[in-house]
Amino acid sequence: MHPEPTATSHAAHEPFDGDHPAADQPSAAEGNRRRGKALCLSGGGYRAALFHLGAVRRLDELGILSQLDTISGVSGGSLVANLLADARLEFPSDPAAGERVGGLDDLVAEPLRRLTSRNIRTAALLSKLKPWHWFTDDAAVRALADELAEVVEWWSIPLRDNAVAGPAIITGATEIAYGVNWVFEDPTAHRPHGRVGDYRLGYAAPPPSLRIADIVAASCAYPPFFAPMVFDGDGMALTGGHPGLESPQERQRIRRHIRLTDGGVYDNLGLEPVWKSHHTVLVSDGGGVFRARTERTIHGRMLRILGIATSGGQSVRSRWLQAGYHRDVLDGTSWALDTAADGCYPREVTELINAVRTDLDAFSTQEQQILERHGYMVAEAQVCSHAPELITRDVPAVPPHPEVADPAVASAALEDSSMRRLLGRS
């Protein structure tokens, strides 16, 4: 086991890496060692990002966003998490006061809507066809990073140089040789320059060439469409780490070519960096909803079995999280795409939202609006019901985008939203 540091304040925050499985059940004694408030933003492509945007908007209105010590994001959740890393956002000087964050519309909502209205995956995937990219394994995901930097220009700065004004931002990817959670921690999460790595391979300060766009792309590189992003661990000067049973020669080969894929492969809830250190954990889950169904073909059956296998880890984490809430080890709550509550969309619309594609393809204005509105409403319902002690501002809920409030309008807008198109929608 590697050491377990304790989360503290914004200024001295160094979160536990939490890479080990959650076979151990949460205990009251463990709860006494916890400090800090965290928000976890799940994977799920643009769908999840827009859903999280609505949740973040309501958390801000309730005075909760400015209280957070850490925001963890994977895959689609990393888009919102790293927009919240914008140093121009005006976080209150006293986080405990629970005031609103200045600049959320201009610096988070507007760039996300601009990004999600654009198909960035097709051009990135097609870049692999260029002759000079034929022998570069990670050409497509590197092109994806360039697409991200073009839309969100400030993401072209190095991770180590970003002076974050608010909570620590931790972006997760999956390191495929050891099959563990790899973290990109910003300078607020780990001073003075941030930190990258995992508990198997070790840790290092981010190299000067590592842009914020690169870490978001690595976290969003969903297989099998995008090959993993490749890093030279020797060049990073990783230190520490806990080898497995591999030979020293094999370990050296792994370190020389570290391959990172979508953070949601290992931990689609983004819980790993915070679940053993923070006292309050909020989880926004915009990932896929596993539904019971029959399969009639061998191909469909194999896909179903793979789906069960890949969803198992998330199910364990979800059960651990709920056990932590029920045993008073953790404060907080969680919400998901299929959360149903008074004031939210009716079940038939929620089912359409659950089926919306998880992609980095262009979303229509109405799709954006419905997902943001849904995230706002379910976060409102869950926080008010299960974590009212976090609320510092008594502000009535006014869900955004009333033009898509009518269930009939929402249903019509989402009629073919589940369909992926080969070359995209733009």
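The values are calculated or read from the model by the stated rules, or taken from the named source; none is laboratory data. Model, not experiment: these values are computed from the prediction. Neighbour counts run over all protein chains shown; Cβ positions are idealised from the backbone, glycine included. Accessible surface areas use protein heavy atoms only, side chains included; no ligands, DNA or RNA. Shrake-Rupley method; radii C 1.70, N 1.55, O 1.52, S 1.80 Å.
A few notes on this one:
- Rg [Å, one decimal], Dmax [Å, integer] - the range 91-247, C-alpha atoms: 17.2, 56
- Under 5 Å, built H, 5+ apart or other chain: amide partners of ASP331: THR280, VAL281
- Separation of the THR365 and SER385 label points, Cα + 7 Å toward Cβ, nm: 3.3
- Solvent-accessible heavy-atom area per residue, rounded to whole Å², over the chain at 1.4 Å: 41
- For the peptides 126-138, 213-225, the ranking by packing is 213-225, 126-138, with the highest mean count of neighbouring Cβ atoms within 10 Å listed first.
- Taking packing as the residue-averaged number of other Cβ atoms within 10 angstrom, the listed peptides 40-51, 402-413, 327-338, 189-200 run from highest to lowest as 40-51, 189-200, 327-338, 402-413.
- Among THR297, HIS386, PRO396 - extreme Cα towards positive end, dipole of the chain, charges at beta-carbon: THR297
- Burial order of peptide ranges 150-157, 235-242 (average beta-carbon count within 10 Å, highest first): 150-157, 235-242
- Charged side chains reduced to their Cβ positions (Lys and Arg at +1, Asp and Glu at -1) give the chain a dipole of some 1140 debye around its Cα centre.
- Between ARG88 and GLN249, the FRET efficiency from the beta-carbon distance, with R0 = 56 Å, is close to 0.75.
- Here the Karplus relation 6.51 cos²θ - 1.76 cosθ + 1.60, evaluated at θ = phi - 60°, turns the backbone of the range 411-424 into coupling constants of 4, 5, 5, 9, 4, 10, 6, 7, 7, 8, 10, 3, 9, x Hz, with x for every Gly and Pro.
- Protein accessible area in the chain, 1.4 Å probe - carbon and sulfur %: 56
- Signed unit charges on C-beta, dipole axis of the range 39-137, positive-most listed residue LEU89, PHE135, LEU41: PHE135
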